[in-house]
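Colleague: Dropping a structure here in structure tokens format, bear with me for questions.
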Amino acid sequence: MSSKKSDCDITVVVGTIIVFALPLTLLIPEFSLWDVVPKVQVIRFHVLSQHLTWPQLNAVLVGLLSVLFCLYLEIRKRKLDDMVEKVLTVSKVTDATMEVERDRQTAAMKACVDLLDSTVEHYEHLMLLKDDLRNSERTNKQQPPAIEPSGSDV
């Protein structure tokens, strides 16, 4: 496959030209597609030559080509619908995965916030203990030295 694919396929262009140009040929008096098509003598099917006129054959040909073109378009439409359905399925799965990931990230963020809160609480306790230690050291330093009786005085 070529990497650069045009929007118009040759079959679509030819089909469109045939479907829209053939009815215009019915507007031209004394014109028949059978004048353009190489002549083939029908020997066994005399019914066609006896009961159908050239404009009727042209109309049948236009109708047949229109039906075939519509069938071709319906086949392409169904292929496109299948592709769209696959894309929508993938999109739904992606949305579900993103929702699960979002929930997981929310839970992780909540755990981080809880951990941060407990860390702050522990830090506050440590700061209070540090202040208590400083105060107790100050009170210990402000006391006068204790006088102990010596062994010779006794």
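The values are calculated or read from the model by the stated rules, or taken from the named source; none is laboratory data. Since the structure is predicted, the reported quantities are computational estimates derived from the model, not experimental observations.
So that you can scan it fast, the table gives a plain yes or no per residue for (1) at negative phi; (2) at pLDDT 95 or above; (3) part of a helix (DSSP H, G or I):
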site: VAL84; (1), (2), (3): yes, yes, yes
site: GLU101; (1), (2), (3): yes, yes, yes
site: ALA108; (1), (2), (3): yes, yes, yes
site: ASP117; (1), (2), (3): yes, no, yes
site: PRO145; (1), (2), (3): yes, no, no
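Colleague: Taking helices (runs of 4 or more DSSP H) that do not extend beyond segment 1-69, which have at least 1 residues that are at pLDDT 75 or above?
Modeller: Numbers: elements: 10-25, 33-36, 46-51.
The qualifying helices (runs of 4 or more DSSP H) are 10-25.
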